[in-house]
1. Which of the aspartates and glutamates could a cross-linker bridge to Lys68, judged by Cα under 15 Å and excluding same-chain residues fewer than eight apart?
2. With point charges of +1 on the Cβ of Lys and Arg and -1 on the Cβ of Asp and Glu, referenced to the Cα centre of the range 53-196, which listed residue (Trp124, Leu164, Ala188) lies farthest in the positive direction of the dipole?
3. If you bin the C-alpha pair distances of the range 53-196 every 10 Å from 0, what whole percents do you get?
4. Helix 53-68 against the longest principal axis of the chain: what's the angle in degrees, Cα atoms only, rounded to the nearest 10?
5. Compute the signed sum of charges (Lys and Arg +1, Asp and Glu -1) over the other residues within less than 11 Å, Cβ to Cβ, of Ala86.
6. Find the centroid of the Cα atoms in the range 124-199 and in the range 34-100, then give the distance between the two in whole Å.
7. Mind putting a number on the dipole of the chain about its Cα centre? Charges go on the C-beta only, +1 for Lys and Arg and -1 for Asp and Glu, and I need it in Debye to the nearest 20.
8. Order of 123-136, 94-107 by packing, highest average Cβ count within 10 Å first?
Amino acid sequence: MALENKYDISREVIRDLLTESSENPVAEEAVLQAETDLLGFAEEHALDPAPGLREKVLDKIRLLNAQKNQRQKLNLHDLPLLDESANWLDWKEVIAGIAPPDDYEDIHMHTLVVDDTRELFVAWVKEFVPEEVHHDLLESFLILEGSCKCFITSPDGNTRTIRLGEGDFYTMQPGDHHDLQITSAQPAKAIIQWKKLAA
């Protein structure tokens, strides 16, 4: 029996959990009863999705479909400013030949552009980006692979958590304290732009 998602438990797994020794295999009726009990428990304790989740998911699907139809070829030697109109598929394609070293610890950043107005990187993060704050630049990022949660505290003390996945773009405001936790099984890969503010 194929598992539908990572939370499914097959009858084989239930049988293994119930079997105490190879000499005393568990009866099939016990496996079926345990499966029925687990399904009943799951149904009884099921959580309703958060309000608006359906629309968020549909909006994300619409965005990704639109981006598939609005492709343009980027030039690695003349990259545009990163903004909310950035197409993650175009960025993913232009940096496809760039990879992190095999032995990087938790974060690796590869520089793409450094000039008077910005710094641009492709970054890989395995687990966590510690808290940071920028007062003299706008930090934007576009997620190319993986997913993360960003914990943000504004200068006036308001806190919020945002979740980002492939294709998502976000800009931190100056003075926002933020850290980031990877939520995907694989490292997150993103384009990061530090746009310098006028002095």
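1. Lys68 reaches Asp59, Asp90, Glu93, Glu166, Asp168.
2. Leu164
3. Result, from short to long distances: 11, 41, 37, 11, 0 percent.
4. Its long axis makes an angle of about 60 degrees.
5. -3
6. 16
7. In debye, rounded to 20, the chain gives about 1020.
8. 123-136, 94-107
Readers should treat all values here as calculations from the given coordinates under stated rules, not as data from a laboratory. Quick caveat, the model's predicted, so the values are computed rather than measured. A quick note on method: Cβ atoms are made from the backbone with ideal geometry, for glycine too, and the neighbour counts reach across all protein chains shown.
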